[in-house]
Amino acid sequence: MVLDGGWANPGLRGAEVVARIAAIERYGRACGIAELTQEVLDLSGFADSRRAAELLAFTGRGVAEAPGCIGVPAGGDTQVSFLPDDAQVPGPEPTRSPCPGPCSPEPG
């Protein structure tokens, strides 16, 4: 399974639809978390690549402070995860654990 960072799609770069997930990449860069910065991530080395993708999607949800995460099959071995960006969708109180070491993500 391959995970594709939506912010990496040249057709969507800078578009409002990926604004929230671009924060995930910025956070990954600031904190040195390669899995959150790679445009394409090969998860085939995991025993359960779908579970690995799901965990990364939930990590991204937390980093982006999104109210939820919606996983949708996209054909073959592809899964797409959407982070809703609607003020009407209730979410948990934001809690962010600090990165280990010095890290200060730039605001979105």
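The values are calculated or read from the model by the stated rules, or taken from the named source; none is laboratory data. Note that the coordinates shown come from a computational prediction; the quantities given were computed from them, not determined experimentally. Quick reminder, even Gly has a Cβ in these numbers, built from the backbone with ideal geometry, and neighbours come from all protein chains shown.
What to note about this one:
- Residues within the range 27-52 that are under 10 Å from the mean Cα position of the chain (by Cα) and among the small types (G, A, S), tallied: 1
- From A47, A87, A66, A53, residue being surrounded by 15 or more Cβ atoms within 10 Å (Cβ to Cβ) and not in a helix (DSSP H, G or I): A66
- Those residues of the range 13-28 which are among the charged types (D, E, K, R) and in contact (Cβ under 8 Å) with a residue 12 or more places away in the chain, in sequence order: R20, E25, R26
- Candidate set from the range 1-11 (those that are exposed (fewer than 15 other Cβ atoms within 10 Å of the Cβ) and either touching a helix residue (DSSP H, G or I) at 6+ places or on another chain (Cβ under 7 Å) or more than 14 Å from V80 (Cα to Cα) (or both)); member that is modelled with the highest pLDDT: G11
- Residue tally, condition without any contact (Cβ under 8 Å) to a residue 40 or more places away in the chain and under 16 Å from P73 (Cβ atoms), over the range 46-60: 4
- When the criteria are applied in full, G76 fails the requirement of being surrounded by 14 or more Cβ atoms within 10 Å (Cβ to Cβ) and either on the phi > 0 side of the Ramachandran plot or touching a residue at least 24 places away in the same chain (Cβ under 8 Å) (or both).
- Matching option when the condition is farther than 21 Å from Q38 by Cα and modelled with pLDDT of 80 or more, among P94, P67, P84, P90: P67
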